1. With respect to B:E94, determine if the residue is among the acidic types (D, E), in contact (Cβ under 8 Å) with a residue 24 or more places away in the chain and surrounded by fewer than 21 Cβ atoms within 10 Å (Cβ to Cβ).
2. Hey, B:G80 hits all of (1) out of contact with any helix residue (DSSP H, G or I) (no Cβ under 6 Å at 6 or more places or on another chain); (2) surrounded by 15 or more Cβ atoms within 10 Å (Cβ to Cβ); (3) under 26 Å from B:L263 (Cβ atoms) but one; which does it fall short on?
3. Being in a loop (DSSP other than H, G, I, E, B) and of a type outside the set (S, T, N, Q) is the filter here, so list the residues in region B:116-128 that pass it.
4. Yes or no: region A:106-118 includes at least one residue that is β-branched (V, I, T), farther than 30 Å from B:A304 by Cβ and touching a strand residue (DSSP E or B) at 6+ places or on another chain (Cβ under 8 Å).
5. Can you go through B:A225, B:A173 and tell me which one is more than 9 Å from chain A (Cβ to nearest Cβ) and modelled with pLDDT of 95 or more?
6. Out of the residues in region B:145-170 that are without any contact (Cβ under 8 Å) to a residue 24 or more places away in the chain and more than 14 Å from chain A (Cβ to nearest Cβ), which is nearest to B:M133 (Cα to Cα)?
7. How many of the residues in region A:28-75 are without any contact (Cβ under 8 Å) to a residue 24 or more places away in the chain and either part of a helix (DSSP H, G or I) or of a type in the set (S, T, N, Q) (or both)?
Protein chains: 2
Amino acid sequence: MSTVNRGTTPEVLISEVGPRDGLQSISRTMPTEAKLAWIDALAQAGLKEIEVGSFVPARLMPQMADVAEVVRHSTARHPGITVMALVPNVRGAEAALAAGARKLTVPVSASEAHSMANVRKTREQMLEEVRQMAALCRCQPTHVPLEVGVSTAFGCTLQGAVPEDDVIRLADALAHAGVDEVGLSDTTGMANPAQVRRLFTRLRRALGERAGAAHLHNTRGLGLANCLAAYEAGVRTFDASQGGLGGCPYAPGASGNVVTEDLVFMFEAMGVRTGVDLEPLLVARAVLAAGLPGESLYGMTPEAGLPLGFTYADGRRPSPA
Amino acid sequence: MSTVNRGTTPEVLISEVGPRDGLQSISRTMPTEAKLAWIDALAQAGLKEIEVGSFVPARLMPQMADVAEVVRHSTARHPGITVMALVPNVRGAEAALAAGARKLTVPVSASEAHSMANVRKTREQMLEEVRQMAALCRCQPTHVPLEVGVSTAFGCTLQGAVPEDDVIRLADALAHAGVDEVGLSDTTGMANPAQVRRLFTRLRRALGERAGAAHLHNTRGLGLANCLAAYEAGVRTFDASQGGLGGCPYAPGASGNVVTEDLVFMFEAMGVRTGVDLEPLLVARAVLAAGLPGESLYGMTPEAGLPLGFTYADGRRPSPA
């Protein structure tokens, strides 16, 4: 299936995490065919990196039982897309590589309390796990990039504040362990723009080209403001989820992940090219909604529509409805 | 009634517009006593400027029929608060001054089409009206500041894009007409952070100390990102509405005005002192909800609560729940 060819180079990469982060956060299981239809529609909208699932035991997360199949189909159908999978450990990484994932992402907690609660491993043990995964990725016939998202980088619901020095020290250790990109995640929706700017500035100073994505949540409504601050600090890869699905929404009306539709609108309106088109993105939203009837989707731009006179960053007008 | 004494000087002024902008946008009428209870609670939370109503004919806007009474009571009860009223014309200004309003605000459209549709006057006619209001304010025993909010400053649902030169030219003419402060309003929720930064930077360059408030909407989810951009451009007064009430919400789930609770949380978390305390602000929210049973209120921070380990910009911890 061909993807949108925009003819201009995107300035930011929107990494769509909905099929993984979104679908693992809800209690229902989306049928494989519906997942694939959604991923097709996302690719059609111009998204170039899609996290399609998580290689975790099916008994722990039945929503992800078909992850290998989803990876295989997605890579086959979308040669131009970075089909990414989350892997919690070496075993998951092996399975993901066997299925043909083009990029792996591992969450590693900056909070020791969160790490123990989440994966029952210390940060030190996770670092060793990551070291092995990096070695595994390097010895593939074609290099498969390994990304780590440092979770609870902006605060933790178990330990409260997470010292910024801890975050940067961990990120540095991960880069030395052979990770290609280290991003920062506001797992619990505690980040504020000043902190985001400060921490990403430090990350970029410490890691240079290995400084990775901003994974920000909208728990307290600051998602886009935090993305703006990250952008101003030089971040160019942003995780987001269609319809704001996932990211542990705290309460009704509270979207967890930053909403892809609103993030794309913000950047394009600002004149920052995302490579994503909003009209087919809204089609993808409808495909998602059809695959999960009755599920709440978030996002203001889909409700309000594009403003009169809107132009994309590259000067194009939206196609007539 | 005493207001919160924080002991530190706020760095930004949050101007609460809910009792005017919020209450005039809903079809129900809030009883006068409920309005006053809400205003009391807002003052109690540390808000220092409150737009309590609109001096418009009661037959056009029955929600505001008690505005003179609300102004009189509010000024009597809250000597330390800038009790502000919206006035559309000289007649409204006379009534507001007679009731004892401490500051007047007038909307003037940057879009000719919006001006004609809204007040059936051209921008030139509104400028003349404002000139007379400024003269009226100046000859009061104590000077009553006159603010203009330039509406549709970031785009118009009737004419689409509004040239930035038109906005700055109008703002400049308003300042020369004797207005104390000229702010910019994203009446239709079309602003983006790059535009907000650009336009407020130009406004401040053109008007100096007379450059006024940012009145931003959350129609497409960009409310706080736009506030952040305005703050970075030097703006220090921000309009917001408790529970996001008002501002013409476009659709269910779409809050119109920037939500006071989320805005205060963002600034305080960033280390920017607002003078507003979140715990009594949530009490005020409950007072509002009690006065308008069944009305939808927006805001993520009230749902999620304050994060573990949160401290105010001045270093204080929230009081235990």
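1. Values: among the acidic types (D, E): yes; in contact (Cβ under 8 Å) with a residue 24 or more places away in the chain: yes; surrounded by fewer than 21 Cβ atoms within 10 Å (Cβ to Cβ): yes.
So B:E94 fits the description; yes.
2. (2)
3. First, the residues of region B:116-128 that are in a loop (DSSP other than H, G, I, E, B): B:120-122.
Of everything in region B:116-128, those that are in a loop (DSSP other than H, G, I, E, B) and of a type outside the set (S, T, N, Q) turn out to be B:R120, B:K121.
4. First, the residues of region A:106-118 that are β-branched (V, I, T): A:106, A:108.
Checking the rest, the ones that are also farther than 30 Å from B:A304 by Cβ come to none.
Within region A:106-118, none of the residues are β-branched (V, I, T), farther than 30 Å from B:A304 by Cβ and touching a strand residue (DSSP E or B) at 6+ places or on another chain (Cβ under 8 Å).
5. Values: B:A225 fails: more than 9 Å from chain A (Cβ to nearest Cβ).
Residue meeting the stated conditions: B:A173.
6. Taking region B:145-170 as the starting set, the residues that turn out to be without any contact (Cβ under 8 Å) to a residue 24 or more places away in the chain are B:160-161, B:163, B:165, B:169.
Applying the additional criterion that residues be more than 14 Å from chain A (Cβ to nearest Cβ) yields B:165, B:169.
Working: B:D165: 25, B:R169: 20 Å.
This residue is B:R169.
7. Within region A:28-75, the first condition is being without any contact (Cβ under 8 Å) to a residue 24 or more places away in the chain, and the residues that meet it are A:33, A:57-60.
From what's left, either part of a helix (DSSP H, G or I) or of a type in the set (S, T, N, Q) (or both): A:33.
Qualifying residue count for the region: 1.
The rows are residues; the columns are (1) farther than 21 Å from A:I39 by Cα; (2) more than 9 Å from chain B (Cβ to nearest Cβ).
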{"position": "A:V259", "(1), (2)": "no, no"}
{"position": "A:E268", "(1), (2)": "yes, no"}
{"position": "A:L281", "(1), (2)": "no, yes"}
{"position": "A:V287", "(1), (2)": "no, yes"}
{"position": "A:P293", "(1), (2)": "no, yes"}
{"position": "A:L297", "(1), (2)": "no, yes"}
{"position": "A:T301", "(1), (2)": "no, no"}
{"position": "A:L306", "(1), (2)": "yes, no"}
{"position": "A:G315", "(1), (2)": "yes, yes"}
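The values are calculated or read from the model by the stated rules, or taken from the named source; none is laboratory data. What you see is a predicted model, and the numbers here were worked out from it, not measured in a lab. Note that we place each Cβ from the backbone using ideal geometry, even for glycine, and neighbour counts take in every protein chain shown.
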